[in-house]
Amino acid sequence: MSAPVLKLDDARATKAAPAAEVVAFRAPKAPSPIAKRARRVFDWAATTLIPPLVVLALLLLFWELICSRPGSALPPPSQVVTDTWELIVDPFYDRGGLDKGLFWHLLASLQRVAVGYAIAVVVGVALGVLVGQSTWAMRGLDPIFQILRTVPPLAWLPLSLAAFRDGQPSAIFVIFITSVWPIIINTAVGIRNIPTDYSNVAKVIRLNGFEYFTKIMIPAAAPYIFTGLRIGVGLSWLAIVAAEMLIGGVGIGFFIWDAWNSSNISDIILALVYVGVVGFILDRIVAFIANAVTRGTATA
């Protein structure tokens, strides 16, 4: 019997088959959208969430070991949670007078901060634009601003109490006078750093004063302005906590001072945690607005 004859087409097909198999083996399947989203969440957690949680756990462990010894002046974290459990699980209680949950104290402080900080933003941006645009205003006002901004916040409280004769407007004034300086200074720096080409273009296309202010001056100085706003909101929160310790009434500062007078150290520690978290949130809010307005040119 004669051997089968291998045709040319069969030989080509035989040689091409392994190549097709190799190509199919080397082409991995594209990940699904769900897998891509899960990968992004995992990468974000690994780089942003996990490191601070690990450091926090180590700090809490160190705190627990140090303060669990007999004769320790500060309570360990486990005791803080036990002592303040009612404040943690029910921050909304209101038994009348000053006996309120932490939510109401924080809300009262945030309301004061909102009013004082809003006034500081309006006044600070306006004066910053004036100082940055006018050489005479800079020579006359800048030395005064540099002197006044070094006065500690609480040093203004007796003067404000004498002027307003009430704790609420006095606290708002302390917030304003504390947070307005970085807004003024950063706005003025931003205005002075506007490129000359922008002004020349405004003259060529004949923009009026309002159009130049809204379309060139403020957008160009926005990163500097928001830097001042972020510093100002942090100083506002610091000032209100200190001021409320002296003026009394509902507020997180008064809560801390009242807990000290009652020797409730655990309540103080819990309040400080809340103060830190709220301050961080306020900073993140201003940073988010800055990135949205400046399209990422402001530092986050």
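The values are calculated or read from the model by the stated rules, or taken from the named source; none is laboratory data. In this text the structure is predicted, and so the values were computed from the model without any measurement. Methodologically, a virtual Cβ is constructed for each residue, glycine included, from the backbone with ideal geometry; neighbour enumeration extends over all protein chains shown. Quick note on the areas: whole protein, heavy atoms, side chains included, nothing else; ligands and nucleic acids left out. Shrake-Rupley method; radii C 1.70, N 1.55, O 1.52, S 1.80 Å.
Quick notes
- Of all residues in segment 80-136 being open to solvent by less than 60 Å² (accessible area, probe 1.4 Å) and of a type in the set (Ser, Thr, Tyr), the one that is nearest to Ala271 (Cα to Cα): Thr84
- Residue check for Ile256: modelled with pLDDT of 90 or more, surrounded by 20 or more Cβ atoms within 10 Å (Cβ to Cβ) and β-branched (Val, Ile, Thr): yes
- Summed over segment 240-250, residues that are within 18 Å of Thr178 (Cα to Cα), in contact with a Leu (Cβ under 9 Å, 6 or more places away or on another chain) and either of a type outside the set (A, V, I, L, M, F, W, C) or modelled with pLDDT of 90 or more (or both) total 0.
- In segment 132-215, counting only helices (runs of 4 or more DSSP H) that sit wholly within it, the ones holding 3 or more residues that are within 21 Å of Gly234 (Cα to Cα) span 135-148, 167-192.
- Residue check, Ala220 of a type in the set (Gly, Ala, Ser), over 26 Å from Val131 (Cβ atoms) and part of a helix (DSSP H, G or I): no
- Residue list for segment 212-236, filter: open to solvent by 60 Å² or more (accessible area, probe 1.4 Å) and farther than 18 Å from Val286 by Cβ: Phe213, Lys215
- The single condition among (1) open to solvent by 30 Å² or more (accessible area, probe 1.4 Å); (2) closer than 30 Å to Ala162 by Cβ that Val201 does not meet is (2).
- Taken over segment 260-284, residues that are assigned to a helix (DSSP H, G or I) and either touching a residue at least 12 places away in the same chain (Cβ under 8 Å) or surrounded by 19 or more Cβ atoms within 10 Å (Cβ to Cβ) (or both) amount to 14.
- Some residue of segment 189-201 being touching an Asp or Glu at 6+ places or on another chain (Cβ under 8 Å) and touching a residue at least 40 places away in the same chain (Cβ under 8 Å): no
- Residue among Phe164, Phe145 that is open to solvent by less than 30 Å² (accessible area, probe 1.4 Å) and over 22 Å from the mean Cα position of the chain (by Cα): Phe145
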